[in-house]
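Just so it is clear, none of the values below were taken in a lab; they were calculated from the coordinates. Quick caveat, the model's predicted, so the values are computed rather than measured. Don't worry about glycine lacking a Cβ; one is built from the backbone with ideal geometry, like all the others, and counts go over all protein chains shown.
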Amino acid sequence: MTPLSINHTVLERFLRYVVIDTQSDPGSPTCPSTEKQKDLGRLLAGELQAVGLADAHLDEHGYVYATIPATSDKMVPVVCFCSHMDTSPDCSGKNVKPQIVRGYPGGDIVLPGDTSQVIRVREHPALASQIGNDIVTTDGTTLLGADNKAGIAEIMDAAQFLIEHPEIKHGPIKILFTPDEEIGRGVDKVDLKKLGADFGYTIDGETAGQLEDETFSADAMTVTITGVAAHPGFAKGKMEHAIKIAAGIVERLPKDTCSPETTEGRDGFLHPTGITGSLESAKLSFIVRDFTEEGLKDKEALLTSIVEDVLREFPRSSAKIEIGRQYRNMKEIVDRHPQIVVNAMEAIRRAGLTPVRTSIRGGTDGSRLSFMGLPCPNIFAGEHAFHSRLEWISVQDMEAAVRTIVHLAMIFEENA
Ligand SMILES: [Zn+2]
């Protein structure tokens with residue numbers, strides 16, 4: 001197999017996309033949550049049309065759809081590549097000023113716009129494998145937005161290459177760019193019928209070479225406590241304080257396990273995300289995360305038993321526990337179509353990397369897409385330290401992602 005010779009546009013595209021502010025807003029009820037995400041959507045649809053994808057368009061909900069027509073006569077599955085256009089509400093994405101460290105010599109990277117912001121090798125060990133590469137960072141005052149504009153730039157570069165090389169055989173390829181992934185609403189208004197894909201891949205992973213086919217399963221829990229109010233001057237033997245009951249519940253959560261700050265790898269957690277209260281009533285919000293259904297149920301049972309236990313000391317108070325389903329581990333769906341993972345691992349190998357199959361301690365657009373009927377694991381985009389001012393990515397990793405996308409399209413055709 002001869003290596004692909006791609007005249008890359010990925011860096012210039014990336015630099016063009018990251019300066020467009022596309023921060024999403026969890027407090028907004030609209031879709032997209034912020035109109036400005038459509039600024040990037042319009043640019044992308046225009047660029048896709050300019051390279052010859054006639055059906056490229058931005059819809060009213062802020063989604064970009066396009067098709068790269070097949071160059072093969074075989075019946076090849078329709079594969080979709082997907083990235084999200086928004087950036088995290090956790091860190092400013094306005095006036096992003098990307099910087100490039102060419103031929104990274106090793107060592108810590110001090111960001112020039114705020115020298116207190118330092119990407120230290122000690123805290124970012126992935127830097128150690130980037131010696132000699134070109135690294136893009138911010139100036140230290142905003143996030144970079146490699147999450148997930150790197151994925152967008154990579155898909156765009158791969159699309160341009162495939163259009164310019166009709167001799168490369170592949171089936172129909174769909175491109176999907178979504179808004180509002182960072183606020184968990186990235187696939188709320190996606191039209192899978194219109195998309196018409198058999199399999200999908202989000203290009204939104206971290207380290208080069210990684211393929212993630214497993215995500216957390218996720219539920220939300222709320223505990224609404226009703227205490228007994230009384231005038232504080234005349235409360236002896238009467239008052240049962242809802243805030244104190246809530247505090248008692250939080251106090252009894254496991255200290256050394258089961259929390260985000262004490263777990264990694266395959267261990268899940270039970271994590272309080274909100275507390276509000278007054279004398280008469282209080283509300284605790286939790287998220288529950290695990291890779292298995294059983295693990296979720298165990299944690300939900302644990303919280304329920306803690307609540308019951310605390311309430312024994314407050315016999316006239318009560319609590320209502322509600323569990324809401326958020327998303328499920330995509331592995332259950334992806335495993336039904338083993339070729340999705342096999343082909344992606346082979347594409348990563350052909351791109352010159354060592355493929356690593358792994359899991360994500362979180363969810364992706366792909367977790368929900370998988371359960372909506374589009375099995376959709378996650379391929380690396382090369383993003384590091386996302387949602388922070390220390391976010392960085394290397395140009396070489398972005399180029400490897402482009403090669404992976406192109407090879408993946410070719411492999412589906414070869415195997416058809
Ligand atoms: Zn992302």
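The mean sequence distance of close C-alpha pairs (under 8 Å, at least 6 residues apart), as a share of the length of segment 300-403, puts its relative contact order at 23 percent. How tilted is helix 242-251 with respect to the longest principal axis of the chain? Cα atoms for both, answer in degrees (0 to 90, nearest 10). So the helix axis and the longest Cα principal axis differ by about 60 degrees. The GluC sites (Glu not before Pro) of segment 221-284 that meet both conditions, a loop assignment by DSSP and at most 16 other Cβ atoms within 10 Å of the site Cβ, are Glu264. Measuring spread by the Cα atoms of the chain yields a radius of gyration and Dmax of 23.9, 86 Å. Please go through segment 232-274 and write out the trypsin sites (Lys or Arg not before Pro) that DSSP classes as loop and that have at most 11 other C-beta atoms within 10 Å. Answer in residue order: Lys236, Lys238, Lys255. Taking 51 Å as R0, compute the FRET efficiency from the Cβ-Cβ separation of Thr292 and Ala230 and round it to 0.05. The computed FRET efficiency comes out at 0.70.
Taking every DSSP beta bridge with both residues inside the chain, roughly what % is antiparallel (nearest 5)?
Numbers: 46 of 65 bridges.
The antiparallel fraction comes to roughly 70 percent.
Based on DSSP H runs of at least 4 residues, each adding -39500 (n - 2.57), what is the mean residue ellipticity at 222 nm of the chain after dividing by all its residues, to the nearest 500 deg cm²/dmol? The helix contribution divided over the chain gives -9000 deg cm²/dmol. Here the Karplus relation 6.51 cos²θ - 1.76 cosθ + 1.60, evaluated at θ = phi - 60°, turns the backbone of segment 187-193 into coupling constants of 10, 4, 10, 6, 10, 5, 5 Hz, with x for every Gly and Pro.
For segment 57-210, the relative contact order comes to 44 percent (Cα pairs under 8 Å, sequence separation of at least 6). Per-residue Karplus couplings for segment 226-240, computed as 6.51 cos²θ - 1.76 cosθ + 1.60 with θ equal to phi - 60°, are listed in order as 10, x, 10, 8, 7, 4, x, x, 10, 9, 4, x, 10, 5, 10 Hz, Gly and Pro entered as x. For the modelled label position 7 Å from the Cα of Arg122 along Cα-to-Cβ, which residues of segment 376-404 have backbone nitrogen atoms closer than 19 Å? Flagged as within label range: 385, 390-391.
Entry note, the chain: relative contact order of 23 percent, from Cα contacts under 8 Å with a spacing of 6+ residues. By the gyration tensor of its Cα atoms, with a ≥ b ≥ c the square roots of the eigenvalues, what is the shape of segment 126-224: rounded for a/c under 1.5, prolate for a/b over b/c, or oblate? The shape class here is oblate. In the distance distribution for segment 278-351, Cα-Cα pairs more than 14 Å apart total 73 percent. Per-residue Karplus couplings for segment 350-358, computed as 6.51 cos²θ - 1.76 cosθ + 1.60 with θ equal to phi - 60°, are listed in order as 5, 6, x, 10, 8, x, 10, 8, 8 Hz, Gly and Pro entered as x. In the chain, the longest principal axis of the Cα atoms and the axis of helix 146-164 are about 20 degrees apart. Each part gets one Cα centre, and for segment 297-345 versus segment 88-147 those centres are 36 Å apart.
Over what distance in Å are the Cα centres of segment 8-40 and segment 227-271 separated? First find each Cα centre; the distance between them is then 39 Å.
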